[in-house]
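> Dropping a structure here in structure tokens format, bear with me for questions.
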Amino acid sequence: MQQLSIFLENAKGRLAQVLNILAELGVNIRALSLADTKDYGVLRIIVEDAEKVAADLKERNCVVKLTPVWVLKVADATGGLAEILNKLVAEGVIVEYMYAFVEKANEQAQVVLRVRDEEIMKAAMEKLGL
Amino acid sequence: MSHEELLKGLRKTVEQVLKAPYYKKKLAQVDIHYPHDIKKLDDFWKIPLTEKEDLRQNYPFGLFAEPMEKIVRVHASSGTTGKPTVVGYTRDDIKLWAKIVANGLRRIGVTSNDVVQVAYGYGLFTGGMGLHYGCEELGALAIPISGGNTQRQLMIMRDFGSTVLCCTPSYALYLAESLEEAGISRDELKLRVGVFGAEPWTDQMRDEIEARLGIRAVDIYGLSEIMGPGVSMECLKGEGLHIDEHFYPEILDKDGNPVPEGTDGELVLTSIDKKGFPVLRYRTKDLTSISYGQCVCGHHGWTMKRVSARVDDMLIIRGVNVFPSQVEEAILTVGGIEPHYLIIVDREGNLDSMEVLVELSADSFTDEIRQLEELQESLEEKIEDILGLTVKVRLVEPKSITRSEGKAKRVIDKRQEKL
Ligand SMILES: [Zn+2]
């Protein structure tokens, strides 16, 4: 899955503006996470048709990048996330960052994972039958 | 030019300036009353330097060396403070200037078949008309579009088939960016070479411009007090700006003493053969070095290094001398950012602070904060290496720093507001 990453030069101030632009474009944000420092931040979002949204945002002078991420379903029980992560780590997967969200339609808890090495992750997913 | 010829030329200039009472008085102080008092170069070097302040004191026409009926044109440089400095040209001066500019253009291969888009300002500023007359002298087609109105610049560049672009380097970059935005591809343009000047720039900036516009970029130098653009200009070899033989250069250290060939210092210029507004040993405030020799392009004489800094642009931050061009060189060496920057100097308590805003380039944007921080840190380290001063780099979005249609504004010094 492709995640949309957007650079925010002023993490707090620019966030609302970018969200407004996304609203104007009629984009439905399935999941969102904000990573920030004192000066700037990166908004990470999961949307439908990420490539088109990226092009639209570029036209509006946003710095955008498509980043490959993995979206996994998580069992709605204690330790559900830890169980999956333990298995992946055992296979050599290194997680760069992650964030969780709940799909509105079915209340399914999910987690977005960005891993360092796509190939290792792919092999691990196949092996674990996920 | 032989030593004798040079002395002859300098004597002619002395003869000419003696027609202006102000100079006459000044030269009398060092016992020069007639041109033949200049017997050797040592005599010439006794002459006090001419400063911008001398021009201001004689505002507007006090230093003209010909009667007003002989003067056919004036130009003026914008004084950032107070009155502008005004210079006058006779008909012969205008012809000479056109020839000098035409020579420079010829050296970079411009011919009567070229279409030259002159995007320097036309008016009291010498840039526009200086290039314009040079083109006409050469027989090239000059488009007097002047500065600004970027959309029209792009349209004309494409539709008229401009082959040569003349403007400031910062405006050239802005035009490149605007071409991309307008979706005009390189194939639709006939642009081949750019003649850029009127503000200090670096080799790194030249590389950027050449890559983005797909042209050769050459540096042109001049100032209205001496004549205007064309005093010196690069050839395609790109190893310095050839000083035209109608100008005698000296490089002086900050105490006014001559430095050895190849050593950096302030450029001081004397015009030769100029009638309306001859200048003797004028302090340009531009820092460079000069060397004498023969170039493959045919130029024989003095060549100066690119002016990367002006004495007036120097910032003193925590006691350290800083030139904006040093920051430019540092950040463009690191890469990963757009070639636009803004230096903000402030004072927090008793300590000067320097922040450099740079635009993150869309291509180098990475999703991970860690990598953005690494980019920011490597920029900071590179600047600190060159300046010996801690600075803060702030990454901002592309196109968020104001673009310039003329000379770029690189510095905001908030300390002045606090005085
Ligand atoms: Zn040459």
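> Add -39500 (n - 2.57) for each DSSP H run of 4 or more in chain A, then divide by its residues: what number comes out at 222 nm, to the nearest 500 deg cm²/dmol? It would help to have the intermediate numbers written out before the result.
Values: 4 runs with 46 residues, N = 130.
After summing the helix terms and dividing by residue count, I get -11000 deg cm²/dmol.
> In degrees between 0 and 90, to the nearest 10, how far off the longest principal axis of chain B does helix B:203-213 point, with axes built from Cα atoms?
Relative to chain B, helix B:203-213 is tipped by roughly 70 degrees.
> Another one. Report A:W70's accessible area, 1.4 Å probe, all protein chains in place, as a number in Å² to the nearest 10.
50
> When the accessible area of each residue in the range B:357-383 is compared between its chain alone and the complete protein assembly (1.4 Å probe; ligands, DNA and RNA ignored), which residues differ by at least 50 Å², being lower in the assembly?
At a threshold of 50 Å² (probe 1.4 Å), the residues of the range B:357-383 that become less exposed are B:F365, B:D367, B:E368, B:I369.
> Taking Cα atoms, how many degrees apart are the long axis of helix B:126-138 and the longest axis of chain B, rounded to 10 and kept between 0 and 90?
Around 70 degrees separate the two axes.
> With a 1.4 Å probe and all protein chains in place, put B:T284, B:T263 in order of accessible area, largest first. Walk me through the intermediate numbers first.
On the way: B:T284 0, B:T263 55 Å².
Result, largest first: B:T263, B:T284.
> Pop the C-beta distance of B:Y22 and B:D203 into the FRET formula with R0 = 51 Å and round what comes out to the nearest 0.05. Show your work: numbers first, answer last.
Numbers: r = 40 Å, r/R0 = 0.79.
My answer for the efficiency is 0.80.
> For B:D273, A:D49, B:D363, write out the residues from largest to smallest accessible area, computed with a 1.4 angstrom probe and no ligands counted.
Numbers: B:D273 55, A:D49 95, B:D363 150 Å².
Final ranking, largest accessible area leading: B:D363, A:D49, B:D273.
> While we're looking at this one, here's another question. Can you pull out the buried accessible area for chains B and A, both sides counted, probe 1.4 Å, rounded to the nearest 100 Å²? Show your work: numbers first, answer last.
Values: alone 19020 and 7870 Å², together 25120 Å².
Counting protein atoms only, the buried area is about 1800 Å².
> Let me ask another. Helix B:3-17 against the longest principal axis of chain B: what's the angle in degrees, Cα atoms only, rounded to the nearest 10?
The angle comes out near 80 degrees.
> Do any residues of the range B:391-407 show a loss of at least 40 square angstrom of accessible area between the isolated chain and the full protein assembly, using a 1.4 Å probe, and if so which?
B:L395, B:E397
> Check B:D352: other-chain or 5+ apart residues with amide H under 5 Å from its amide H, H built from backbone geometry?
Amide H neighbours of B:D352, under 5 Å, 5+ apart: B:R318.
> Between B:Q371 and B:V411, take the C-beta separation as r, use R0 = 25 Å, and let me know the FRET efficiency to the nearest 0.05. Kindly include the intermediate steps, with their values, before the conclusion.
Details: r = 29 Å, r/R0 = 1.16.
After rounding, the FRET efficiency stands at 0.30.
> Please compute the net charge surrounding B:E234, taking Lys and Arg as +1 and Asp and Glu as -1 over other residues with Cβ under 12 Å from its Cβ. Spell out each step's value before the answer.
Working: positive: B:R107, B:R206, B:R216, B:K237, B:K305, B:R306; negative: B:D203, B:D219, B:E239.
Result for the local shell: +3.
> Greater than 30 Å separation of Cα atoms is the criterion. Which listed pairs, B:K40/B:K237; B:K24/B:K407; B:K12/B:K95, meet it? Intermediate results must be reported in sequence, preceding the final value.
Values: B:K40/B:K237 34 Å; B:K24/B:K407 36 Å; B:K12/B:K95 18 Å.
From B:K40/B:K237; B:K24/B:K407; B:K12/B:K95, over 30 Å: B:K40/B:K237; B:K24/B:K407.
> In addition: Under a 1.4 Å probe, what is the accessible area of chain A per residue, stated in Å²?
54
> Would you tally the net charge around A:E83, using a Cβ to Cβ cut-off of less than 13 Å, leaving A:E83 out, and scoring K and R as +1, D and E as -1? Numbers along the way, then the final one.
Numbers: positive: A:K73, A:K87; negative: A:D76.
Cβ neighbours under 13 Å give a net charge of +1.
> A further question follows. For the pair B:L351 and A:L66, how long in nm is the line joining their label points, each one 7 Å along Cα→Cβ?
Placing both labels 7 Å beyond Cα along the Cβ direction yields 4.6 nm.
> Test of understanding: what is the full-extension gain from B:T333 to B:L6, defined as 0.36 nm times their sequence separation minus their Cα-Cα distance? Display every interim value, and only then the final one.
Numbers: separation 327, 0.36 × 327 = 117.72 nm, distance 4.14 nm.
Length gained, B:T333 through B:L6: 113.6 nm.
> If you roll a 1.4 Å probe over the heavy atoms of the protein chains, what accessible area per residue do you get for the range B:89-311, in Å²?
Details: 8130 Å² over 223 residues.
Dividing the accessible area of the range B:89-311 by its residue count gives 36 Å².
> Take the solvent-accessible surface of the protein heavy atoms, probe 1.4 Å, and return the percent of it on chain A that carbon and sulfur atoms account for.
Working: 3510 of 7020 Å².
Exposed carbon and sulfur together represent 50 percent of the surface.
> If you don't mind, there's one more thing I want to ask. Let me check something: with ligands and nucleic acids excluded, how do B:D219, A:D117 order by accessible area (1.4 Å probe), largest to smallest?
On the way: B:D219 10, A:D117 65 Å².
So, going from the largest accessible area down, we get A:D117, B:D219.
> If you count only protein heavy atoms with a 1.4 Å probe, what accessible area per residue comes out for the range B:15-73, rounded to a whole Å²? Write down the numbers at each step before the final one.
Values: 3440 Å² over 59 residues.
Value for the range B:15-73: 58 Å² per residue.
> With every protein chain present, what accessible area does B:L124 have (1.4 Å probe, heavy atoms only), rounded to the nearest 10 Å²?
100
> Still on this structure, I have one more. Mean 1/r over all different Cα pairs, inverted: what Kirkwood radius does the range B:2-127 give, in Å? List each step's numbers first, then the result.
Values: mean 1/r = 0.0587 Å⁻¹.
After inverting the pairwise mean of 1/r, the radius is 17.0 Å.
> Same structure again: Considering protein heavy atoms only and a 1.4 Å probe radius, which residues within the range A:39-54 exhibit an accessible-area decrease of no less than 40 Å² in the full assembly relative to the chain by itself?
A:D39, A:Y40, A:V42
> Quick one: with all protein chains in place, what share of the accessible area of chain B is carbon or sulfur, to the nearest percent (1.4 Å probe)?
On the way: 9010 of 18100 Å².
Carbon and sulfur atoms account for 50 percent of the accessible area of chain B.
> Which pairs, out of B:K52/B:K285; B:K99/B:K274; A:K58/B:K382; A:K38/B:K382; B:K99/B:K190; A:K87/A:K127, put more than 18 Å between their alpha-carbon atoms? Walk me through the numbers on the way to the answer.
Values: B:K52/B:K285 9 Å; B:K99/B:K274 13 Å; A:K58/B:K382 30 Å; A:K38/B:K382 21 Å; B:K99/B:K190 26 Å; A:K87/A:K127 10 Å.
Correct reply: A:K58/B:K382; A:K38/B:K382; B:K99/B:K190.
> On a C-alpha basis, how far is the centre of the range B:264-318 from the centre of the range A:48-64 in Å? Whole number, if you could?
With the range B:264-318 and the range A:48-64 each reduced to a Cα centre, they are spaced 49 Å.
> Okay, next question. Can you tell me how the range A:90-130 classifies by the Cα gyration tensor, rounded, prolate or oblate, using a/c under 1.5 as the rounded cut?
Numbers: a/c = 3.34, a/b = 1.74, b/c = 1.92.
Oblate, since a/c reaches 1.5 and b/c is not below a/b.
> Keeping all protein chains in the complex and leaving out DNA, RNA and ligands, what accessible area do you get for B:T333 with a 1.4 Å probe, in Å² to the nearest 10?
70
The values are calculated or read from the model by the stated rules, or taken from the named source; none is laboratory data. From a predicted model like this one, the values you see are computed outputs, not experimental measurements. Because the Cβ atoms are built from the backbone with ideal geometry, glycine has one as well, and the counts that use them run over all protein chains shown. Protein only, heavy atoms only, side chains kept; ligands, DNA and RNA dropped before computing areas. Shrake-Rupley method; radii C 1.70, N 1.55, O 1.52, S 1.80 Å.
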